[in-house]
Amino acid sequence: MDLIHQELEEIKKILQIKVPGSELISCHKNLVSVKLIKTKYKQLTACLQFPADYPNEPILIEVKSKVFSPSLVNMITSICDKEAKKHIGRKQIILILKFLQQFLDDNPLLPCREEWASIKKNILEECDSDKVKQKKGMIQVKATQGNYFLKIQATIPNNYPEEPVKLSIEDHNFPGPMVYYFISQAKEYARQATEPPLKKNPKALPFKAEPHLKKTMEFLIKKCCKRFPQECCPMCGKQSLPENPADIIKDGKDDKYIERVYCGHLYHHGCMDAYMKTPPFENGKMCPTCGLRIYHDKWNISPRLAEDRWAHGEARQRELEEVVDFLS
């Protein structure tokens, strides 16, 4: 029995022992095909063929995958070709399969590789920095806009994208309530991408989890960190946040305290209070920037009640003016 037949018999007998979880699809002289599955979104098939002068030549390898992008598949194939050259003169197939299995284990970011590449290319700017901890499946980004920054950490779970990415703000110099909104909304996007809606639409297609790393990071970086330090109060037109984060007002009754309304725009407390307490009140107050109705817990009253309070205040002011006129 020649070496190739010995290796084929060995593969049939010990593949499951040497490469747990592998699935042998075909095993003959013309082709050895093995499927490796870690999760639904981390799987590939290795097709191996013996060259004419095997084992003095590296085994011929073709990697296929229904879940990885063509560019990633090509990269994995190239890595395997280099690995095979290290084992010339030996039985190579099980060694290559073990290498591939270890590669899947050591690279938990594979399911979001294309998303991360797009984030680096289209979202991060020169002033930002990033760090990837591949084996921990962790991405760290420090996004900066002027004097403001957010340090974001995203950990990719083993079953991504069926399981939501774990997000946290490690450090920042934004107002605390704003950061609470940032991370809460980002986590909500991740939840919506992985959990079916409570109210099912009978006409909708069956729910399918979607990749969401890019959406959550884009929200935190572009729509939060980059946007708000440049945003101006719709009423006075001045920058909402102070240029120096050390000057952020924490007293909720101070005129310069920052109020974020339902539509997402930032107002100075004093500007918002004056706007909400002066007419017209019909149909509620609209945001001058986007035209949506303004909702905020501090001014949660009906247009009728707001108008009655304003009229009452005006009446009292007239009475005071009359008293002053009389006494003078």
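The values are calculated or read from the model by the stated rules, or taken from the named source; none is laboratory data. The model shown is predicted, which means the values in this text are computed figures rather than measured ones. Neighbour counts are summed over all protein chains in view; Cβ atoms, including those assigned to glycine, are modelled from backbone coordinates with ideal geometry.
If you check Tyr267, Tyr275, which single one turns out to be assigned to a helix (DSSP H, G or I), at pLDDT below 95 and not acidic (Asp, Glu)?
Tyr275
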Scanning for something at pLDDT 80 or above, outside any loop (DSSP other than H, G, I, E, B) and not assigned by TED's automatic domain parsing to the domain that holds Gly176, does region 278-288 turn up at least one residue?
yes
Lone qualifier among Ser69, Ser129, Ser22 - being touching a helix residue (DSSP H, G or I) at 6+ places or on another chain (Cβ under 7 Å), closer than 30 Å to Lys222 by Cβ and of a type in the set (Gly, Ala, Ser):
Ser69
Restrict the check to region 95-108 and report whether at least one residue is under 22 Å from Ala154 (Cβ atoms) and crowded, with 20+ Cβ neighbours inside 10 Å.
yes
Test of understanding: among Lys256, Lys250, which residue is surrounded by 17 or more Cβ atoms within 10 Å (Cβ to Cβ), assigned to a loop (DSSP other than H, G, I, E, B) and outside the structural domain of Lys142 (by TED's automatic domain parsing)?
Lys256
When you scan region 200-218, do you find a residue that is in contact with a Cys (Cβ under 7 Å, 6 or more places away or on another chain), free of Cβ contacts under 8 Å to residues at least 12 places away in the same chain and not small (Gly, Ala, Ser), even just one?
no
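In region 176-212, which residue that is aromatic (Phe, Trp, Tyr) and loosely packed, with under 13 Cβ neighbours inside 10 Å is modelled with the lowest pLDDT?
Going through the qualifying residues, I end up with Phe207.
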Filter region 265-275 down to the residues that are touching a residue at least 24 places away in the same chain (Cβ under 8 Å) and either more than 14 Å from Cys233 (Cα to Cα) or among the small types (Gly, Ala, Ser) (or both) and list them by number.
Ala274
Looking at region 56-66, is at least one residue in the same structural domain as Leu95 (by TED's automatic domain parsing) and in contact (Cβ under 8 Å) with a residue 40 or more places away in the chain?
no
For region 54-62, indicate whether the set of residues that are surrounded by 15 or more Cβ atoms within 10 Å (Cβ to Cβ) and within 36 Å of the chain's Cα centre (by Cα) is non-empty.
yes
Conditions first: (1) surrounded by fewer than 16 Cβ atoms within 10 Å (Cβ to Cβ); (2) of a type outside the set (Gly, Ala, Ser); (3) touching a helix residue (DSSP H, G or I) at 6+ places or on another chain (Cβ under 7 Å). Leu292 passes all but one, so which condition is the exception?
(3)
Considering each of Gln192, Gln239 in turn, give the residue that is of a type in the set (S, T, N, Q) and in contact with a Cys (Cβ under 6 Å, 6 or more places away or on another chain).
Gln239
So Ser33 fits all but one of (1) more than 30 Å from Gln134 (Cα to Cα); (2) surrounded by 12 or more Cβ atoms within 10 Å (Cβ to Cβ); what number is the exception?
(1)
